[in-house]
Each structure stands twice: as C-alpha cells, then as structure tokens.
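The values are calculated or read from the model by the stated rules, or taken from the named source; none is laboratory data. All figures in this text were calculated on a predicted structure; none of them were measured in a lab. Cβ sites come from the backbone with ideal geometry, for glycine too, and all protein chains shown count toward neighbours. Surface areas here come from the heavy atoms of the whole protein model, side chains and all, with no ligands, DNA or RNA. Shrake-Rupley method; radii C 1.70, N 1.55, O 1.52, S 1.80 Å.
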Amino acid sequence: MRYILIIAATLFAASAQAEAPRDFLARFEKEAGAAASAERGARFFTTKQGGEWSCASCHTEKPMQAGRHAKTDKAITPLAPAANAERFTEAAKVDKWFRRNCNDTLNRLCSAQEKADVMAWLLALR
Amino acid sequence: MHSRFAPPLFALLTALALPVHADNYSVPKNHAFEEECASCHMAYPPQMLHADSWRAMMGNLSRHFGSDASLDEKRRTAITDFLVTQSGGRKTGDTRDARGTPLLRITETARFAKKHREIGAATWRRASIKSPANCTACHAQAAAGDYNERSIRIPK
C-alpha cells in the first residue's frame, strides 16, 4: 500500500513537470476560446508578416527536417514533435521561445489563436 | 643573484607549463550559460570580453543584435555573475571603443582585428561564412575553445 502511494505520488510529480505536445494545443485553444486550424497554422508559419523573417526562415517550411538560424547559421533540430521527441515537453521553454521568436518575426507577441494554429499544424506533420 | 635569475627562471617555467593553456579559450562549465547562450550560436568564450562589456550586453537582452534573447531575472543575474567572474584578463586587450563605451562584439575588439587582419572584406561575406561572428565556420574546434592555427580552415 505504502509503495503504491509512493509510486502514485512520483508519477503525479513527474506529470506536473513534463508536458506532452498535445497539452499545449489544448492550453492554447482554451486560451483562444476557439478551435485551432492546422491550415491557418501552416500559412502563418511559412509567410513573412512584415518583418525580415518568417518562422520558416529558421525552422524551414517542412519542420520535420532540421533548420538553420537565418542570421548565425547554427543548426536547429526539427521542430515537429514527430521528428524530435524533445520538442514541446517543457512549458517554460515553449513560452520563452514563442515570446522571443514571435517578437523577432512579428514585432509583437503571438496571439493564443496563432499559437494554437501552429501547434495543430506541427502535430499533424508526419 | 636571486633577484637577477629568479624572473627569467620563473618565465621559463611558466612557458613550459603553459603551452596547453596558452591559446585555450574553453568555456568553464556552467549549466545556465550553456542552455541559454548557445542556442542561437556557439558559446562565445567569456574570456574574450571584459566585465563591463558583459554587463552592458546582459542589461539589454531583449534587443540582442536584432534578436530577442530575453531571460527571466533569476537566470539573467546568474549568467551575468558567471560572465563577470570569467571575463577577460590582460591578454584580452581593451574592449571599449574610442569614447570609452563598452563594446558588445568580440569581433569589434582590437585584439580580434589584429588576429584577423589578413582576412579581406570579401572573405567575411562569403555565403559559407556569413559573419565574422560565425567562428566555427573557420575554427572547426571553436566550440571546444581551440582557435589554434592547426585547426583553421577558411571555407570557399
């Protein structure tokens, strides 16, 4: 009985920390109050929105493959969860990079709807 | 007797002891620095800028060479402390401009210019190099702190 409690507690603690890519889709959809569209996400990701870069400038138009930083040329591992199990597993990291990369490409933060759309598209990639 | 021979002897011993370290800019281990400052580019050696330059850079991370590199306050302070502690020594030379303002780029320091004076403007602009800040394009072992002539290859 004691062991079961310990195991349950450990599992709970672990699940509170590590997150799965789908959790982010759910969270952004909830924040947006609307369903996500993978098609809209693809368009958002691959087109420039007034700035010098689009998301694809560094993550490529097919994020199942590795990218390169548009300015520094440093290699970037694939962004799609199906190609890279490390992606979208830590909320602090996901929030930090959405903040930075949206600022760099749009000169503003991304809306919850935009993030939900991008997530839906990335999750659909195989 | 002592005072006449001790300094040269000391210099000789230092020279014998140092070669391994002389041009070694390996980055001291620091988890936060590795995680936050090597994601967009290689980890630049803290030894290549003085403390004032690092402080100025770390004070404006949301406008970091045209990129948003902003951090939470806890990490920002921890990394600033690390950089300041490991910052340059005598060999680094001056890392301020003529007006005394701290330089933010290693590639704008006098020491960098001196070490790279044989490289022409057209070379820096090659597609395979892109920017002087792309040390690894020519110094294959830069990430390990090795900028030695033996491991240099300028890409076409």
Practice problem: On the full set of protein chains, 1.4 Å probe, figure out the accessible area of residue B:114 and give it in Å² to the nearest 10. | Solution: 140
Quiz item: Tell me, what is the percent relative contact order of the range B:25-151, built from C-alpha pairs under 8 Å that lie six or more residues apart?
Solution: 29
Quiz item: In what sequence, largest accessible area first, do A:118, B:27 appear using a 1.4 Å probe?
Solution: B:27, A:118
Quiz item: Tell me, what is the FRET efficiency for residue A:30 and residue A:66 to the nearest 0.05, using R0 = 51 angstrom and their Cβ-Cβ distance as r?
Solution: 0.95
Exercise. Quote the relative contact order of chain A in percent (integer), defining contacts as alpha-carbon pairs under 8 Å separated by 6+ residues.
Key: 35
Exercise. For peptide B:32-42, compute the average count of partner chain beta-carbon atoms within 10 Å of each residue's beta-carbon.
Key: 2
Quiz item: Tell me, how many Å apart are the Cα centres for the range A:71-126 and for the range B:29-97?
Solution: 25
Practice problem: Would you mind working out the magnitude of the charge dipole of the range A:29-126 relative to its Cα centre, with +1 at each Lys and Arg C-beta and -1 at each Asp and Glu C-beta, to the nearest 20 Debye? | Solution: 180
Practice problem: Just round it to a whole percent: the fraction of Cα-Cα distances in the protein assembly as shown exceeding 36 Å. | Solution: 31
Quiz item: Among A:69, A:24, A:97, which residue has its Cα positioned farthest towards the positive end of the charge dipole of the protein assembly as shown, with +1 placed on the Cβ of Lys and Arg, -1 on the Cβ of Asp and Glu, and the dipole taken about the Cα centre?
Solution: A:69
Quiz prompt | Solvent-accessible area per residue, Å², over chain B with all protein chains present [probe radius 1.4 Å] | solution = 65
Self-check item: Rounded to whole Å, sorted largest first: equivalent-ellipsoid semi-axes of the range A:19-124, Cα gyration tensor
Solution: 20, 16, 13
Quiz item: Of the accessible area of the range B:25-151, with the probe set at 1.4 angstrom, what percent is carbon plus sulfur?
Solution: 51
Quiz item: Just the C-alpha atoms of the range B:19-154: what Rg/Rh do they give, with Rh taken as the Kirkwood radius?
Solution: 0.94
Self-check item: residue B:34 accessible area, 1.4 Å probe, all protein chains in place, Å² to nearest 10
Solution: 90
Practice problem: Please state the charge dipole magnitude for chain B, taken about the Cα centre, from unit charges on C-beta atoms (+1 on K and R, -1 on D and E), reported in debye and rounded to the nearest 20. | Solution: 580
Practice problem: For the range B:58-84, state which residues have at least 30 Å² less accessible area in the presence of all protein chains than in their chain by itself, taking the probe as 1.4 Å and leaving out ligands, DNA and RNA. | Solution: B:67, B:68, B:70
Quiz item: Counting only other chains, what is the mean number of Cβ atoms within 10 angstrom of the Cβ of each residue in peptide A:69-77?
Solution: 5
Practice problem: Please report, as a whole percent, how much of the solvent-accessible surface of chain A comes from carbon and sulfur atoms (probe radius 1.4 Å). | Solution: 58
Quiz item: Using 1/(1 + (r/R0)^6) with R0 = 30 angstrom and r between the beta carbons of residue B:65 and residue B:153, what's the FRET efficiency to the nearest 0.05?
Solution: 0.70
Quiz item: Between A:61, A:90, A:52, which gets the highest mean-square fluctuation from a Gaussian network model of chain A, Cα cutoff 10 Å?
Solution: A:52
Quiz item: Picking from B:129, B:119, B:79, which is most flexible by a Gaussian network model of chain B using Cα springs under 10 Å?
Solution: B:119
Quiz item: What residue among A:25, A:79, A:106 has the largest mean-square fluctuation in a Gaussian network model of chain A, using Cα springs under 10 Å?
Solution: A:106
Practice problem: Sum up the charges of everything whose Cβ sits under 15 Å from the Cβ of residue B:136, counting Lys and Arg as +1 and Asp and Glu as -1, but leave residue B:136 out. | Solution: +4
Self-check item: Accessible area buried between chains B and A, both sides summed, probe 1.4 Å, in Å² to nearest 100
Solution: 1300
Practice problem: Mind scanning A:96/B:74; B:91/B:156; A:48/A:71; A:30/A:96; A:115/B:29; B:29/B:91 and naming the pairs with a C-alpha gap bigger than 23 Å? | Solution: B:91/B:156; A:115/B:29
Quiz item: Under unit Cβ charges (Lys, Arg +1; Asp, Glu -1), what dipole magnitude, rounded to 20 debye, does the protein assembly as shown have relative to its Cα centre?
Solution: 720
Quiz item: Taking the simple approach of a point 7 Å from Cα along Cα-to-Cβ for both residue B:121 and residue B:105, what is their distance in nm?
Solution: 1.3
Quiz item: Which one of B:142, B:107, B:40 is farthest out on the positive end of the charge dipole of chain B, using unit charges on Cβ (Lys, Arg +1; Asp, Glu -1) and the Cα centre as origin?
Solution: B:107
